[in-house]
1. Note down all Cβ pairs under 7 Å where the first residue falls in the range A:176-190 and is part of a loop (DSSP other than H, G, I, E, B), the second is open to solvent by 80 Å² or more (accessible area, probe 1.4 Å) and at pLDDT 80 or above, and they're at least six residues apart or on different chains.
2. Quick one: is B:ASN152 open to solvent by less than 40 Å² (accessible area, probe 1.4 Å) and of a type outside the set (A, V, I, L, M)?
3. So, in the range A:261-307, exactly how many residues are more than 30 Å from A:ASP219 (Cβ to Cβ) and among the aliphatic types (A, V, I, L, M)?
4. Report whether or not B:LEU163 is open to solvent by 10 Å² or more (accessible area, probe 1.4 Å), assigned to a helix (DSSP H, G or I), in the same structural domain as B:VAL226 (by TED's automatic domain parsing) and modelled with pLDDT of 95 or more.
5. Tell me, please, whether a residue that is open to solvent by 60 Å² or more (accessible area, probe 1.4 Å), within 14 Å of another protein chain (Cβ to nearest Cβ) and at pLDDT 80 or above can be found in the range B:3-21.
6. Of the residues A:LYS332, A:LYS322, A:LYS318, A:LYS266, which is at pLDDT 95 or above and in contact with a helix residue (DSSP H, G or I) (Cβ under 6 Å, 6 or more places away or on another chain)?
7. State the number of residues belonging to the range A:215-227 that are open to solvent by 70 Å² or more (accessible area, probe 1.4 Å) and without any contact (Cβ under 8 Å) to a residue 24 or more places away in the chain.
8. I need a count of the residues in the range A:268-301 that are more than 29 Å from the chain's Cα centre (by Cα), surrounded by fewer than 15 Cβ atoms within 10 Å (Cβ to Cβ) and not aromatic (Phe, Trp, Tyr).
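The values are calculated or read from the model by the stated rules, or taken from the named source; none is laboratory data. Since the structure is predicted, the reported quantities are computational estimates derived from the model, not experimental observations. FYI the Cβ positions are ideal-geometry reconstructions off the backbone, even for glycines, and counts take in every protein chain you see. Each accessible area value is taken on the protein alone, full model and side chains, heavy atoms only, with ligands, DNA and RNA left out. Shrake-Rupley method; radii C 1.70, N 1.55, O 1.52, S 1.80 Å.
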Amino acid sequence: MQQSVAWGTFNRDYDLSGLRDAYKDENGWMHTKENLEVLGWPQAFTSSNGGLFDMLWNNYENENLDEKIHSITSAKATVKFLPYLSLRVQGGIDYTTTDYTKKDKVLRKNATTGKWEGGKFKYDVEEAMIQNYEGFFTFDKDFKNDELHIDAFAGGACKRFDYTKSNAGTMGNFIYPDFWTINNMDGWPDSFDGRIADYSTEAEATYSVLGQAFASYKDKYIFEFQARNDWSSTLPKVNRSYFYPGASFTWNFTDDLKLPLVNYGKLWLSWANVGRPAPRYFALSSYNVTSIPTYSGTNDITPVIDNGKAILFMGDIKPERKREIETGIDVKFFEGDRLGINLSYYDNTVYDQIMAVNLTPTTGKDLVRINAGEVKNQGIELLLKGLPVAYKNFKWEVSLSLARQWSEVVKLYPGIDHYDDIQSDIYNRAKVGEPVGSLYLRDYAKDPNGNRIVSAAGLYTLSTESKDEICVGNINPDVYGGLNSSFISHGTWGEARLSFGIDYKFGGNILSYSNVYLKGNGLTTNSLPYRDAEHGGIEWTETLNDKSTRTRHDGLILPGVKNIGTAENPQYVENDIVVSAYDYYSSFLRDMSTGFGADDIQENSYIKFREIALEYTLPARLTLPLKVQRLTFGLTARNLFYLYKTAENIDPESLLGTNSWVEYTNYPTSRTYGFNVKITF
Amino acid sequence: MKKILYFLLIMPLVTVIMTSCEAELDELWKNPNKYVPAPEEVTSGLFTHIQKTRFFQEDYGEWWWQHGDGTLPSAIQITAGYYPRADAGSNNLYDAAYTYTFALLAEVEYGTYVQTGNGNCQNRFNWFYTDLTNYGDIRNEINKLSGEEYDNTIIYLKLATVLKDVVALQTVDLFNKIPYFSAFNGSLGEFSTPYDEPDAIYKSVVEEFRAIATELPDIYNKMSAVAKKTFEQQDIFFKGDVNKWIKYINGETLRACVRVSGVTIDGLNVNSVITEVIGNLPDQDYTCKGRMTNRNNIAGAGDGELLTRALYERWNRLTFPDVMMTQMNHGTDKFEAGIDDPRLPLICAGFTPSEDADDIEFYGVSGDKERNRKALLGLVDPTSFGEKGMRRNGYPQKGEVTNNCQSLATAAGLDMIVKGFPWTYFNPVTFLFTEWEYDISTRAEIDLLLAEVALKGLASTGKTAGDHIADALTHSTDFWYGMNQAEWVTSKPPTTPLADAILRPAAKPEASTYAANLKDRFNAANGEEAKMEIIMQQKYIHLNMIKPYELFAELRRTRHPKLEPITTPPSYTQYPPLTGQTLVWERFRYPSTQISWNKEEFIKVEQDDNWVNPIFWVPQNKRSENYFLLRAIKN
């Protein structure tokens, strides 16, 4: 529906509530597309693929039922050998089974054939089980008159994941309406089809030996060491085992350094090198095996593909690693810790990244699954906590967070110059020495002086030369964080808390299809210029098919130059070609015919009023007699509104997945209101 | 002490447990959803898959795209594009016959349209490498083998090389320079592939064809009996018949040599190569069954993988052009045996004004839109014009379910086609409703290549060019009659004796008289160019929709047959007439992915990445030759 509006195929003025039952005929059957057209409904209503009536039929007539059973069980046992030495063994099973039942009603009875049309029954079952088993020896003892405390554990762990999915469903038309069984099929396809029945199962496991030691001297100097070795089933045998260590040191300087106004302070420094296995079966080269129906007994084998793309497996994939060093300071000022500052800096390098990298198909493959490259990230995180007002019965808490990260591609796999993730002809490019998330596209065709060249139609085009690729932004934000604040009051009547949260993000670029199409269809105010004389349109004369002419007042001349020479020997003069506002804006609908231009890339910054909550807690004297420690009633509202945003007409957060830079008429995030009751016994 | 004893007992137990985990990890590493084929199954299965790729068996998508808006067949006048309408004065690009895409007025204005409309053509660059990806995998598998295993499987690599080379040359024919010698080497760590000179590719392929054709018998003889049986099972083209493979390879060698015969390639003497292969060329039509039966499955759900369903869905693009019709239907519009081409009722759908199977007429679509409009006014009641009133669809549709194969089964059926709208479409029985087999290589193609060899004296064929033309007509008639008479699809549409007699004639049309006339006409043609015009006209008629890319290549190489200029009524203002325009669409542009993923090499050929540079095999004296007649064939 949103797309229909953006694409201009659906008029926003329709009274949707009046259309509630218009898709059905007098029998309660779905009108045929032709009947609807005879009735005068436009295509946006009648299309069998996403039209309004199709959507209404699905919503009101068809049934999709999901049933989930989720059980979590665990057991734990501890054997104490010595007062400071124990063995702790524990295991847990997390089991989920989900049934999906789809019941699509028959659409109608065909008057010519006497048969029912439509109908679908499908039943899917998914089972997922996660098993965790651990066994640790624990050590916990104080030395030197309790000045030295050592706490450690070492042991093994096992985690296994099993997943099975099966389904069965009908294809083609039903024989009988509302008869929900697989046998209710009018015909059977000539060959097996996964939409009728399918089964797949997957599993993986990780075994670990790990240990950690924690040593604290006078609670001032704290040392921590970790060591872990994993064996993962998703990695090839030669690289299945990987070790990752870590260490940290914390200095609580509160008593050692008597700084003015400082109540508490600590510094820390940590280092770790962690590992990560590959996704399940990602590193395994295998084959798809089928048969050819018309050639009985003939094998048809292809190497396994990924979304239609041929995959190249280059040797044995290693685990992905991340080496990180982090330091920080945590300081609290003034009596009652009225001000707190927590500042940290990190520097990490992700190397041996496990990923699928696009290849030129001329290599014979589309993707290569490798340990692709190395990325360096540096960042700061700042958290300010304040208590501006603190009375006996009332206080106001406020916190402000801020994060910033700088990332750079350090190394790519030998033979790969850069890696592009392409969406809508815009490249998210990883190139050595450049920031991660750089967006590239073709610049506008320009003359040697940098003026944009218009085509014979008077419109801009993109350059056709690869040298004209330009960086137009970066998908990552410059800075992001949030502001949270709470007002808390309590007395004999209980406690009340009013809190709100604001999130912000500055920087980061996107392509908004909605805005491009809304502008192209003349649905937003930024398409008003040039549409008439009042809005700057210039007068021009149009020649009609019958050679007659008419005067219009919706002309514009795009700034730039036109070529009055030849393609080989261009001669550029100032552009004087008048185009109509209609043709100008229509060019946005065709993505300029050659792809999106730099003008279509927007900054996506915003400040969002994320949440507001009001809570009331009854006084304990009322709840304790009921054996209730705490009873709280609350009202919440989330995703309320934007205080500021640079991308108009869209929800800045409704992009396609994480790290995406394309907004494609997605639904905005839901605004939710809630009432909750919290009971603590 | 007791607790310490427990401790000492537990430690070995933990060790045993951890060791046993290794076996489980080994098991879980495997994907239970994937079968692990045995080594001998891998190479044969990979090879079979190459034979069913879209380069050898067009599928639904391939046909559908080929007959979309502004795509290759209508651009080079194999089809006439959209059906003609009486109101052809409209500025709508599509509502009258033909599209403008072949003769471009301005690259900048039309280039993108061509690229979009002909996405399938441009995609063939990537498809060469990705559809033939199994070639690289077979090579890698074979490299691991030795001894008997090698002897039993090397044949798959040799034949995969042949198929890869056939497609490589087709790709050169569309793009000129392509990565070839370093292609398929991703597994060797070569992620950047240089573009190779097209003449070097042709030379290498011809040499490779010759070498493989020569060594195949020995390779086959070394295979074990079981391996030969597997080969017979897996080779869906020739059922393990090595002799047919050799003939096929020789036929492709002949095609390649004729293609480059107008230019000089260092180290390649095409005349001597042709002489070597000319004695062992295909002597029958090589066809193979598609991978699915019921290719139209018109009584089915209508949304399966239906191979030529695309033609049904593109019915309104499948009108027949005058470029071919005027070479088949001579004299009057009526079909006259002996005077008219015997393939006419097999390839085209006849119309009977008198409901008499012996009284059928054919109307080709002109490049002159005004002529089409006037002709239409003489054929159809003008008052019935319009979207609703005129029965405009030669491929009938049921009212409430349009463009669905299923609808045809319950519609008026084939009778409506022969009695309905008179404009000539391709014959739906031949192209839609029979389980015809895919052509691998047809005998008439070889005849027409030999005709050119004889005409230009490239080698001694033992016959005159005129004899080869007559042979081509006879063999082509056999081929198209076979296509027309193939088994009906399971759920054929309703038909009548009248429709059957016209669209699926019981007896093969007599061809010898017309063949003799054609030979006489050829012999009487004045000069080599006039004779080449007839050879290429026959190539157009024979191959028509089944090999558009071959025709596109031959058209650019020979500049024959001459196409009709697209002329429009004066009121047609959006796209001016193209009279006198020369062809500027000589090649396809490289896909944009090359810029992104093969940039280092792509920038070396970027200057060639345009629509106008001829393929290397276009002779110098042909490069500026106009593709178009001065005016439409019929006034």
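1. Here the result reads A:ASN184/A:TYR176; A:ASP186/A:LYS115, each pair linking the range A:176-190 to a residue that is open to solvent by 80 Å² or more (accessible area, probe 1.4 Å) and at pLDDT 80 or above.
2. Judged against the criteria, B:ASN152 is a match.
3. Residues meeting the conditions: 8.
4. no
5. No, the range B:3-21 has no match at all.
6. Being at pLDDT 95 or above and in contact with a helix residue (DSSP H, G or I) (Cβ under 6 Å, 6 or more places away or on another chain) holds for just one of A:LYS332, A:LYS322, A:LYS318, A:LYS266, which is A:LYS318.
7. Final tally of qualifying residues: 1.
8. Going through the range A:268-301 one residue at a time, the tally reaches 3.
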